[in-house]
Amino acid sequence: MQRAADGVVPHADVVIEGRRYEAILPRGGAGGAFDQVIDGEGCLLLPGLVNAHTHLAMTLFRGAARDLPLERWLSEEIWPRERRLTAKDVYWASLLGLAEMIRGGTTACADMYFFMDEVAHAVEETGLRALLSYGIVAPTPDRIDPELKKAEAFAREWEGKGEGRIRTALSPHAPYTCLPEVWQRTAALAREIRVPIHTHLAETAEEVARIRTEKGKSPAEWLEELGVFSVPVIAAHCVHVSEKDIEILAAHGATAVHCPTSNMRLTCGIAPVHDMLKGGVNVALGTDGAASAGDLNMIEEMRLASLLAKQRAGDPAALPAAEAIRCATVRGAAALGWGKELGTIEPGRRADGVLISMKGPHLCPGYDPLTDLVYAAQGADVTAVLVDGHPLFQGGELQTLDVDAIRGRCRRVARRFR
């Protein structure tokens with residue numbers, strides 16, 4: 001069957017065998033008996049969306065914090081609340097985030113937080129795919145060993161769990177919250193156990209100025225000097241990166257994760273996505289946590305990423321719809337270590353997919369499905385979500401979660417934080 005130039009195959013039957021796509025055939029070409037048939041008439045089947053940077057349990061703080069710059073937002077609003085969290089709070093809030101992501105078409109995420117065993121249990125039960133890591137915060141020497149032990153124990157324990165749907169990483173929180181020894185030891189450990197590093201990088205101008213004053217280098221230059229880029233790195237935000245920083249990220253095969261909604265909410269700035277892509281950096285998309293982003297809607301992040309890239313570059317051709325979709329799918333899959341198995345719909349790939357109805361009035365008349373997906377579609381247009389061929393959302397219902405019970409529990413927990 002001939003594929004269209006944009007990669008869209010019209011009027012196709014897609015066959016799944018076990019956990020993988022088996023065949024893509026002309027409509028009506030998939031004869032025989034099947035265990036299940038999902039009607040996709042009038043829908044677009046998209047590779048599963050990948051949220052490459054989030055903090056699932058921060059759904060509990062959605063709408064709770066005042067509108068402040070990042071450092072005040074963290075120190076005055078978020079960190080005091082987080083100190084009161086229990087393991088069970090994180091479990092239920094993570095389930096809430098997972099339910100929201102599935103409903104919006106996300107099939108994989110990279111999550112960094114604490115009480116990560118509870119997050120992993122939630123992911124395992126839900127059926128989603130995830131790269132998980134304990135967020136290391138060690139600004140003083142006495143915190144280094146305890147934090148690294150927690151991070152290592154979690155990474156070793158959960159790698160490959162959930163029938164291979166769970167992978168792990170090591171996550172020093174940021175250059176301004178971790179001492180040099182933390183970064184050096186984390187990089188060595190990541191090499192030893194063969195996991196990536198997931199961190200925040202160059203999120204605000206204040207962060208970059210502070211590191212330059214203290215180290216005489218940009219955050220990216222400093223981490224390169226410490227050997228951090230000797231392993232795969234997922235660097236969230238990368239808002240204030242220089243031309244040299246972009247060269248460093250590209251040279252080491254690092255991923256920059258653009259989080260447009262969160263960055264706008266906290267007035268961090270607009271990441272130079274167009275420049276990073278031109279410079280050879282793998283750019284993925286993420287929501288960050290719901291406390292700053294408001295929601296975990298990856299369709300919205302695609303739209304905003306494309307629009308902001310055009311504004312920053314002064315070029316309407318910057319980050320066109322098809323490339324925004326790649327950032328949310330195949331580039332995100334590569335960032336999480338599943339680049340050879342996810343991100344496209346073709347025989348042999350893992351059957352992670354999202355069925356999106358194109359029947360709504362906001363998607364009519366329908367000249368170009370990819371343009372419509374990025375600039376007009378909504379999370380509510382998602383009709384089915386599959387991971388490893390298993391439906392997680394279908395017929396308007398989550399298949400692995402009791403969302404009413406989750407909402408009720410999270411509302412009760414939230415009373416403590418009002």
TODO: State which residue is farthest from G279 (Cα to Cα) when the search covers only region 326-357 and only residues that are β-branched (V, I, T), buried (at least 23 other Cβ atoms within 10 Å of the Cβ) and within 16 Å of the chain's Cα centre (by Cα).
DONE: V354
Open item on the list: at pLDDT 95 or above and either out of contact with any Asp or Glu (no Cβ under 6 Å at 6 or more places or on another chain) or not basic (K, R) (or both): which single residue out of G395, G348 fits that description?
Closed with: G348
Open item on the list: Can you tell me which condition Q184 does not meet? The list is (1) of a type outside the set (V, I, T); (2) surrounded by 22 or more Cβ atoms within 10 Å (Cβ to Cβ); (3) in contact with a Leu (Cβ under 6 Å, 6 or more places away or on another chain), and all the others hold.
Closed with: (2)
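Would you mind stating whether G63 is part of a helix (DSSP H, G or I), farther than 21 Å from A334 by Cα and touching a Gly at 6+ places or on another chain (Cβ under 9 Å)? It would help to see each step written out before you state the result.
Values: part of a helix (DSSP H, G or I): no; farther than 21 Å from A334 by Cα: yes; touching a Gly at 6+ places or on another chain (Cβ under 9 Å): yes.
Judged against the criteria, G63 is not a match.
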Task: Residues located in region 259-277, provided they are farther than 16 Å from L70 by Cα and in contact with a strand residue (DSSP E or B) (Cβ under 6 Å, 6 or more places away or on another chain) - done: V273, M276, L277
Open item on the list: Take V387 and tell me if it is crowded, with 16+ Cβ neighbours inside 10 Å and in contact with a Lys or Arg (Cβ under 7 Å, 6 or more places away or on another chain).
Closed with: yes
TODO: Identify the residue in region 136-171 that is outside any helix (DSSP H, G or I) and in contact with a Phe, Trp or Tyr (Cβ under 6 Å, 6 or more places away or on another chain) and, among all such residues, is nearest to E341 (Cα to Cα).
DONE: I166
TODO: Name the one entry in I193, I166 that is among the aliphatic types (A, V, I, L, M), farther than 18 Å from A52 by Cβ and at pLDDT 95 or above.
DONE: I193
- [ ] Among what's in region 99-122 and is closer than 22 Å to L46 by Cα and in a helix (DSSP H, G or I), pick the residue that is nearest to the chain's Cα centre (by Cα).
- [x] M101
Task: region 13-26 residues that are closer than 15 Å to L386 by Cα, paired with ones that are of a type in the set (D, E) and part of a loop (DSSP other than H, G, I, E, B) (beta carbon under 9 Å, 6 or more apart) - done: G18/D388; R19/E163; R19/D388; R20/E341; R20/D388; Y21/E346
Open item on the list: Take residues that are closer than 24 Å to E300 by Cα and free of Cβ contacts under 8 Å to residues at least 40 places away in the same chain and tell me which of the helices (runs of 4 or more DSSP H) falling wholly in region 174-285 contain 3 or more.
Closed with: 273-278
- [ ] Give the residue that is surrounded by the most Cβ atoms within 10 Å (Cβ to Cβ), with candidates limited to residues of region 20-69 that are on the phi > 0 side of the Ramachandran plot and assigned by TED's automatic domain parsing to the domain that holds G348.
- [x] G42
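The values are calculated or read from the model by the stated rules, or taken from the named source; none is laboratory data. Predicted, not measured: the structure shown is a model, and the values here were computed from it. Virtual Cβ from ideal backbone geometry, glycine too; neighbours counted across all protein chains shown.
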